[in-house]
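To start, the structure under review is shown below, and the notes come after it.
Throughout, read-outs are computed from the coordinates displayed, never taken from laboratory work. Only a predicted model underlies this, so the values are computations on that prediction, with no experimental measurement involved. Here the Cβ is made from the backbone with ideal geometry for all residues, glycine too, and neighbour counts use every protein chain on show.
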Ligand code: LLP
């Protein structure tokens with residue numbers, strides 16, 4: 001039976017005659033060919049996600065800045081740059097990746113609550129589009145760094161709109177209690193100071209209210225709060241060119257039903273039009289919704305360990321490869337790469353080899369599995385590899401991109417020797 005409609009990642013991820021395929025490529029074949037753990041991404045799925053944003057923005061001045069913290073593989077950046085995206089970065093390391101992937105600094109905004117002077121200097125030299133500034137302290141330092149380099153830094157204030165996005169506390173960012181942004185009440189005074197500093201040029205305004213947001217209402221609330229400020233700031237003669245309405249659109253991991261990107265953007269634009277701001281350039285910073293459901297993590301079942309209380313299905317991917325379940329208690333779908341007809345299901349906790357009880361990928365999952373099978377953890381294109389670590393001296397996984405008929409190895413598997421290449425024995429010559 002074709003179950004494509006039921007799978008997050010459909011239509012690119014689909015099961016046909018028991019075989020799970022991404023863009024037509026049988027995942028079990030890829031697991032055998034490249035080894036496991038293995039991240040596999042679909043170029044077509046990423047392009048389709050980017051197209052949904054751009055469709056809604058057609059005819060408007062706009063820039064979709066891919067929040068590359070979600071997945072910063074160079075080939076992923078390349079694909080999204082070719083699809084017309086700019087980038088949202090949060091470190092000099094991310095800037096280096098953008099440039100290495102052929103992306104343009106002039107289409108890159110620099111976010112983040114703790115930018116260092118050396119990072120600011122590098123971003124100024126590269127010519128980034130805008131600095132999203134998060135505090136008055138940062139504003140003053142950026143002014144100094146820009147003047148020391150004889151340039152003017154384009155700035156936008158990241159305003160904390162104090163809106164509850166209704167998401168997990170670790171990934172909500174727009175509440176007064178969060179560390180992010182300039183408080184709404186202080187934003188006007190901060191803009192006045194920015195406009196008076198010689199090393200800065202006020203360019204826009206931005207906000208970010210959280211991640212994995214599945215409702216439109218919090219976005220509209222945040223946009224209204226931003227537009228109120230735009231009006232107040234411009235009434236003082238400080239022009240704001242662009243409005244950057246954060247990131248955060250959720251994806252389907254299980255039964256969430258977030259709006260499509262073009263629906264969300266259509267609603268935001270309609271609100272801007274209704275309030276007389278239709279002429280402004282719109283920036284967006286989506287991460288997860290561009291790449292999350294374009295990827296899966298493949299893993300091999302090592303051992304089945306049925307128990308009195310819990311049955312454990314021990315696989316070769318772990319919390320170091322995919323930390324979302326351990327860190328956020330996140331649900332991610334798990335599917336066998338090949339489903340055998342008529343095999344009975346049993347209930348398993350799918351766990352990795354890391355020496356922590358928190359090392360699980362899925363709990364209480366009904367699966368028909370045997371040692372040697374391959375499983376796919378779904379929706380793993382965002383915040384998967386990007387958050388991977390080497391805990392337990394585990395080399396990070398390889399990454400593959402399927403691209404029509406082609407399959408590209410876009411990151412080779414790390415080697416154990418790489419992991420301690422920078423370490424030194426004490427007293428060694
Ligand atoms: N812009 C800024 C300033 C951000 O902080 C973020 C995400 C984004 C854009 C992109 O948001 P997205 O479209 O991906 O929701 N590791 C967590 C998610 C943390 C998101 C942090 N900021 C997870 O795995 O759920």
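One table, with the values for the structure above:
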read-out: Rotationally averaged projected area of the chain (alpha carbon convex hull; nm²); value: 23.7
read-out: Estimated inter-spin distance, residue 74 and residue 215, nm [label 7 Å along Cα→Cβ]; value: 4.3
read-out: Fully extended contour minus Cα-Cα distance, from residue 310 to residue 55, at 0.36 nm per residue; value: 87.0 nm
read-out: Residue with peak Gaussian network fluctuation, the chain [Cα springs, cutoff 10 Å], from 357, 42, 111; value: 357
read-out: Per-pair calculated FRET efficiency, R0 = 51 Å: residue 331 and residue 193 via Cβ, rounded to 0.05; value: 0.70
read-out: Relative contact order [Cα under 8 Å, 6+ residues apart], the stretch 313-353, whole percent; value: 73
read-out: Descending semi-axes in whole angstrom, ellipsoid equivalent of the stretch 202-241, from the Cα gyration tensor; value: 24, 11, 5
read-out: Segment residue 425-residue 19, extension gain: residue separation times 0.36 nm, minus the distance between their alpha carbons; value: 141.3 nm
read-out: Amide N of the stretch 282-306 lying under 15 Å from the label point, which is placed 7 angstrom from the Cα of residue 347 along Cα→Cβ; value: 306
read-out: Antiparallel %, DSSP beta bridges [both residues in the stretch 111-286], to 5; value: 5
read-out: Inter-label distance for residue 262 and residue 10, nm, one decimal - labels placed 7 Å from Cα along Cα-to-Cβ; value: 2.0
read-out: Theoretical FRET efficiency, 1/(1+(r/R0)^6), r = Cβ-Cβ of residue 273 and residue 48, R0 41 Å, to 0.05; value: 0.95
read-out: Of 221, 88, 273, the one that fluctuates the most in a GNM where the chain has Cα springs shorter than 10 Å; value: 273
read-out: Virtual spin-label span in nm between residue 149 and residue 370, 7 Å along Cα→Cβ; value: 6.0
read-out: Three-way shape label, the stretch 281-429, alpha-carbon gyration tensor, a/c 1.5; value: oblate
read-out: Kirkwood-based shape ratio for the stretch 1-91, expressed as Rg/Rh from alpha carbons; value: 1.04
read-out: Spherically averaged projected area of the stretch 111-286 from its Cα convex hull (nm²); value: 10.1
read-out: Rounded if a/c under 1.5, otherwise prolate or oblate - the stretch 355-405, Cα gyration tensor axes; value: oblate
read-out: Sequence-separation-based contact order of the chain, relative, with Cα cut under 8 Å and 6+ spacing, percent; value: 19
read-out: Percent antiparallel among DSSP beta bridges (both partners in the chain, rounded to 5); value: 45
read-out: Added length on full extension, which subtracts the Cα-Cα distance from 0.36 nm per residue, residue 100 to residue 185; value: 26.6 nm
